[in-house]
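The structure appears below as structure tokens.
What follows is calculated from the coordinates using simple rules that are stated; it is not laboratory data. Note that this is a predicted model, so its numbers are computed, not measured. Cβ atoms come from the backbone with ideal geometry, glycine included; neighbour counts cover every protein chain shown.
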Amino acid sequence: MTTVNDTFVQMVGVPRDEVVGHYLIERLTRGSKLFYETRFMPLLRDQRRINEIALDLQLPDESTLSVFVNAAVDDSAVVPSIRFAVFDATVRRNYERELLAARRAAELSEKRVRILQAATTGFGTADTEADLGATLAEAARAATDAPQVTVYFSNPDGDLVPASAEAPIITAEQNSPATLALQSAVTQTWSDAATLAAAFPQAGGVFGPVSARRARIESLVAVPIVEAGVATGVLLCGFGRPRTLEPSTIELLESLAEQSVGARQRIRLREQIVFQALHDALTGLPNRLYLQRRLDDLLTQNAPDDRAIALLFVDLDGFKAVNDKLGHQGGDLVLCEVSERLTSVVRAGDTVARLGGDEFLIVCENVSEDQIVDIAERLRASVRQPLEGEAAGLPVSASVGVSFYSADESRNDVTGETLIRFADEAMYESKRAGKDRFTFVQV
């Protein structure tokens with residue numbers, strides 16, 4: 001550099017004698033030096049003139065100054081030279097950075113809105129907790145690009161049950177990221193595998209250290225799903241590299257988890273309404289409507305080579321005396337005890353329902369005549385067992401009527417109501433014959 005003005009001397013922050021007689025490249029940062037040699041000078045030699053090339057000056061205090069440089073080759077002088085005009089670009093570069101940051105923030109905001117809108121639609125159409133979990137997991141993936149996302153909901157025992165079947169159940173006793181988030185009701189993060197392993201050396205499940213290493217999970221975030229101040233589920237997002245999520249991303253995950261709560265409440269309420277419509281309020285057993293649907297389904301699906309369907313109609317003998325002595329409240333306790341006994345002696349898969357009062361219905365599918373006789377005897381024996389509590393000493397037995405139907409594709413006159421009617425008539429035959437017995441009818 002042969003001539004510089006005072007402004008440039010002030011820009012570089014060193015005395016003039018350290019500028020004049022030295023090369024411009026000495027005043028550039030490492031990156032700008034490389035650009036100056038490989039791009040700036042070759043381009044200037046080729047075009048003879050270039051404008052607004054961005055470079056960074058290295059200042060004595062180790063800070064940098066962003067500048068724009070115009071340059072032109074001057075061949076008119078006795079000694080050919082290059083004329084430089086250097087402009088302080090701090091304000092413009094800051095403006096560009098702010099503009100870029102604002103644009104990125106707008107894009108992130110738009111992405112957030114899209115994710116929330118898509119989740120709202122998915123939550124609104126979810127019919128089951130599995131649907132809800134799938135929607136929440138999909139939204140979390142869109143928000144974080146996490147390769148491993150699992151949604152858990154807690155059951156009455158405090159265990160975490162996955163919304164999808166791929167992940168294992170996490171018990172309440174396990175020391176794991178999911179249980180920590182559930183118990184604290186606060187979002188938990190682990191930015192690298194070492195931190196995760198140190199916090200949970202013995203943890204199990206898909207996000208325990210061993211499974212995490214196998215799945216190549218290096219970092220993890222656990223977001224609790226909080227309902228009325230109590231965590232009822234957890235959203236887990238695992239990443240294949242060390243990562244610290246931005247606060248805005250954590251906030252988005254928490255918003256998604258919060259949004260899912262209303263959808264889960266709606267699903268549970270609908271399930272409760274459906275359950276109440278199809279179950280007895282006193283005993284919790286299926287009611288007549290449920291049983292009729294079950295029978296109709298079995299009769300529709302039954303193939304000619306299937307074994308038979310049997311319907312047992314159970315009416316309690318001596319129950320009026322229980323009500324007369326103990327009142328309806330005591331009678332209700334006896335009905336609950338009897339319903340538990342009936343449920344305990346039937347086969348797995350058989351359906352015990354309460355018709356009303358002291359009458360019960362039991363559906364047995366794929367059953368033989370010998371098996372149904374054995375089931376009827378077990379039912380009678382269980383009901384005859386002495387009652388407990390205030391009902392102790394009061395005798396109760398069961399009159400049973402059985403309607404038995406073997407699948408026959410040539411018949412279409414047998415319905416669930418038909419089986420109930422025949423079983424009812426058979427039960428009254430048992431009553432007339434002396435009670436505490438069963439009557440068998442082939443339909």
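How charged is the neighbourhood of residue 51? Take every other residue with its Cβ under 15 Å from the Cβ of residue 51, and add Lys/Arg as +1 and Asp/Glu as -1.
Computed value for this residue: +3.
Quick one: 96, 129, 173, fewest Cβ neighbours within 10 Å first, how do they rank?
Starting with the residue having the fewest Cβ neighbours, the order is 173, 96, 129.
Collect residues whose amide H, placed 1.01 Å from N in the peptide plane, falls under 5 Å from the amide H of residue 167; neighbours closer than 5 in sequence don't count.
Amide H to amide H, under 5 Å and 5 or more residues apart or across chains, residue 167 pairs with nothing.
Tally Lys/Arg at +1 and Asp/Glu at -1 over every other residue whose Cβ is under 14 Å from the Cβ of residue 330; what's the total?
-4
Would you mind telling me which residue in 102, 423, 134 has the biggest mean-square fluctuation in a Gaussian network model of the chain, where springs connect alpha carbons within a distance under 10 angstrom?
102
Step through the residues of segment 310-320 one at a time and calculate ³J(HN,Hα) from phi using the Karplus curve (6.51 cos²θ - 1.76 cosθ + 1.60, θ = phi - 60°), rounding each to whole Hz and writing x for Gly and Pro.
Residue by residue, segment 310-320 yields 10, 10, 9, 9, 10, 10, 7, 8, x, 6, 4 Hz.
If I take all pairs of Cα atoms in segment 78-131, what percentage of them are more than 17 Å from each other?
I get 67 percent for the Cα pairs in segment 78-131 exceeding 17 Å.
Which ³J(HN,Hα) values, rounded to whole Hz and listed in residue order, are derived for segment 435-443 from phi using the Karplus coefficients 6.51, -1.76 and 1.60 in 6.51 cos²θ - 1.76 cosθ + 1.60 with θ = phi - 60°, glycine and proline given as x?
3J(HN,Hα) across segment 435-443, in whole Hz: 6, 6, 7, 10, 10, 9, 10, 8, 8.
Amide H neighbours of residue 232 under 5 Å, counting only residues 5+ apart in sequence or on other chains, H built in-plane at 1.01 Å?
225, 226, 227
Going by how many other beta carbons lie within 10 Å of each one, how would you line up 59, 298, 312, 291, fewest first?
Least crowded to most crowded, the residues run 59, 298, 291, 312.
Measuring from label point to label point, each 7 Å out along Cα→Cβ, what is the residue 359 to residue 76 span in nm?
It is 11.7 nm.
State the label only: which of [x] 57; [y] 42; [z] 66 corresponds to percent of Cα pairs over 31 Å apart computed from the shown model?
Calculated percent of Cα pairs over 31 Å apart: the matching label is [z].
Please compute the length gained on full extension between residue 425 and residue 118, using 0.36 nm multiplied by the number of residues separating them and subtracting their Cα-Cα distance.
Gain on stretching residue 425 to residue 118: 104.8 nm.
Under the rule of at least 5 residues apart or a separate chain, name every residue whose amide H is placed under 5 Å from the amide H of residue 219.
Answer set, sorted by chain and number: 239, 241.
Regarding segment 109-275, what is the average projected area of its C-alpha convex hull, in nm²?
9.2
If packing is taken as the average number of other Cβ atoms within 10 Å across a peptide's residues, how do 354-365, 61-72, 222-233 rank, most packed first?
The most tightly packed comes first, giving 354-365, 222-233, 61-72.
If we count other beta carbons within 10 Å of each Cβ, what is the order of 241, 141, fewest first?
241, 141
Summing +1 for each Lys or Arg and -1 for each Asp or Glu, what net charge is found among the other residues whose Cβ lies under 11 Å from the Cβ of residue 192?
That works out to +1.
Quick one: if you take sqrt(5λ) for each eigenvalue of the C-alpha gyration tensor of segment 300-409, what semi-axes come out, biggest first, whole angstrom?
Computed over segment 300-409, the values are 31, 12, 11 Å.
Distance between the C-alpha centers of segment 68-106 and segment 342-392? Whole Å please.
Distance between centres, Cα-based: 92 Å.
Could you work out the pair-distance distribution P(r) of segment 6-88 from its alpha-carbon pairs, with 5 angstrom bin width and percents rounded to whole numbers?
Each 5 Å bin holds this share of Cα pairs: 3, 13, 24, 27, 20, 10, 3, 0.
Hey, quick one: spin label on residue 99, modelled 7 Å out along Cα-Cβ, who in segment 32-69 has an amide N within reach, i.e. under 20 Å?
51-56, 66-69
Compute, for the chain, the length of the dipole vector about the Cα centre, with Cβ point charges of +1 (Lys, Arg) and -1 (Asp, Glu) only. Units Debye, rounded to 20.
1320
To the nearest 0.05, what FRET efficiency results for residue 90 and residue 111 with a Förster distance of 25 Å applied to their C-beta separation?
0.20
Quick check for the chain: number of Lys pairs with alpha-carbon distance under 27 Å, counting only pairs 8 or more apart or on different chains?
Final tally of qualifying lysine pairs is 4.
Measure nothing but the geometry: give the 0 to 90° angle between the long axis through the Cα atoms of 90-125 and the longest principal axis through the Cα atoms of the chain, rounded to 10°.
Its long axis makes an angle of about 10 degrees.
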